[in-house]
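Throughout, read-outs are computed from the coordinates displayed, never taken from laboratory work. Being a predicted model, the structure only gives us computed values, none of them experimental. As a convention, Cβ positions derive from the backbone with ideal geometry for all residues, glycine included, and neighbour counts pool all protein chains shown.
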Amino acid sequence: MPAVPHVAPPAAPSAMTPGVVVVVLSLLLGIQPITTDLYLPALPSLTEGFGAPVSQAQLTLTTLLLAFGVSQLVWGPLSDRFGRRPVLLLGLGAYTLAGIGCVLAPTMQMLIAWRTVQGAAMGAAVMGARAIVRDLYAPEAGARVMSRGMSGLGVIACTAPPLGGLLAQQLGWRYALAALVVFGCVSFSVVALRFQESVPRLNPRALRPDTLIRTWFAILRHPTFLTYSALSTASYAGLFTFLSSSSFVFMKVLGLTRIEYGFVMFSMSFVYMLGTFACRRLLVRFGMRRTLAIAGACTVTGGTLVGALGWAGVHNTWAITLPYCLFVLAHGVHQPCAQSGSVGPFPQAAGAASALNGFIGMTAAFGVGGWVGSHLDGTVFALTNGVWFWSLCITALAWTLVQKYGEPRRA
């Protein structure tokens, strides 16, 4: 990593308690699943309400994620230059205002536009969470703290689909989107009142084009970053395949009600939360690389069962959800380890590294969303085949590149 001058004085040691850090991380990380999961039960009725095709409705999710990924390339260097706190406040404020625009959107095109703005604003929160962990902790300790934050994310993700289903069924899809405005207000208030700046030293040259290019090049050529970014991307792609297809598969193909579907998603989020608890125990006992190898075995078992049962003609809710629990349990291990590991070598450029990690992951999710939208054909195969494919990719990474390059070393 090229040397970067740091002329700003060091920040005062953080007076935030560990509990405050975990709450802040939970809200910042939880903004992503609540923004995607809470309105999923409302997606079919939203599509019918606007008289729009399924492929257009998918754009409310895929454009949000593309904007989420691209925006992090801006938010990351901004946070290295000006600090995490002002960037978080700006992003959360914009997220809340965009949420109001979504609620009031008169057409599908306007809803897609406001969801895109919401995704761009959301990038500040998730990028900031990963960077905060690197600001305050070394990589393996950061993975344990990240898993605690993701346990909080799991709680939020557990409540989102049932709440979204209830709001959509009783009051209409606009009320499901209104819940995101409330979440944005709460998150903004917590950061404004309790979060203290975590950057040890601001980098006054972080936004200079020559510095950005050198920094990004150094990050992108680092094997540990590439390994963990590939793992987090593949793991999220498998999850996103399920998320983006599940409302149509479970409700339109398998006949679940909105509330029943919401509880299916609740169960998946609960299992994910259990995975984050398991992650902390496994890390203490086995270290990061062996932990990820164990999780890889769980992933490939669950994904293969989902795919094989689909091809065997066993098309029902249990045939998908039970084996997928293994996949999502392992996802609760892969994500905290991979996200912490990807920024671990870059303590002086945690914002930029976090941004690149997020950009890579969400660009892949945009592609996955496009593929899913074009393969939803009234069967379960868009979901089952996609999950099977990504489970093989995840396990291959966990058993090969992670074992070779997975020990985070400072660049």
(request) For the chain, set up a Gaussian network in which alpha carbons nearer than 10 Å are linked by springs, and say which option among LEU28, LEU292, LEU90 fluctuates the most. (result) LEU90
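For a test of the definition: using alpha carbon positions, the gyration tensor, and the 1.5 limit on a/c, classify the range 255-367 as rounded, prolate or oblate. Each step should come with its number before you reach the end.
Values: a/c = 2.14, a/b = 1.67, b/c = 1.28.
It comes out prolate by the Cα gyration axes.
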(message) Among the complete DSSP H segments of the chain, which ones combine at least 20 Å of alpha-carbon extent along their axis with a mean Kyte-Doolittle hydropathy of 1.0 or more?
(response) 18-37, 84-104, 173-194, 381-399
(message) Order these by the 10 Å Cβ neighbour count, fewest first: HIS315, HIS331.
(response) HIS315, HIS331
(message) Using a 7 Å offset from Cα along Cα-Cβ at CYS185, what residues in the range 22-45 end up with backbone N under 14 Å from the label point?
(response) none
(request) Give, in nm to one decimal, the length gained when the segment between PHE263 and VAL155 is fully stretched (0.36 nm per residue of separation minus the Cα-Cα distance). (result) 37.5 nm
(request) With runs of 4+ DSSP H residues as the only contributors, calculate the mean residue ellipticity of the chain at 222 nm using -39,500 (n - 2.57) per run, divided by the residue total and rounded to the nearest 500. (result) -28000 deg cm²/dmol
(message) If neighbour count is taken as other Cβ atoms inside 10 Å, put LEU239, LEU38, LEU256 in order from fewest to most.
(response) LEU256, LEU239, LEU38
(message) So if I take the alpha carbon set of the range 46-180, get Rg, then get Rh from the Kirkwood formula, what is the Rg over Rh ratio?
(response) 1.02
(message) Using DSSP to call loops (not H, G, I, E or B), can you name the chymotrypsin sites (Phe, Trp or Tyr not before Pro) in the range 289-345 whose Cβ has at most 12 other Cβ atoms within 10 angstrom?
(response) none
(request) Pick out which of ARG201, ARG285, ARG258 has the largest mean-square fluctuation in a Gaussian network model of the chain, springs linking Cα atoms closer than 10 Å. (result) ARG285
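Please compute the length gained on full extension between LEU89 and ARG221, using 0.36 nm multiplied by the number of residues separating them and subtracting their Cα-Cα distance.
Contour length minus Cα-Cα distance gives 44.3 nm.
What shape does the range 198-278 take by its C-alpha gyration tensor, where a ≥ b ≥ c are the square roots of the eigenvalues and a/c under 1.5 counts as rounded, a/b above b/c as prolate, and the rest as oblate?
Prolate is the answer for the range 198-278, as a/c is 1.5 or above and a/b outweighs b/c.
Given Cα pairs under 8 Å that are at least 6 residues apart, what percent is the relative contact order of the chain?
On the way: 780 pairs, mean separation 117.6, N = 411.
Worked out over the chain, it gives 29 percent.
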(request) Please compute the Cα-Cα pair-distance distribution of the chain with 10 Å bins starting at 0, giving whole percents from short to long. (result) 5, 24, 35, 25, 9, 1, 0
(message) Please give me the summed charge of the neighbours of THR215: other residues whose Cβ is under 12 Å from its Cβ, Lys and Arg +1, Asp and Glu -1.
(response) +3
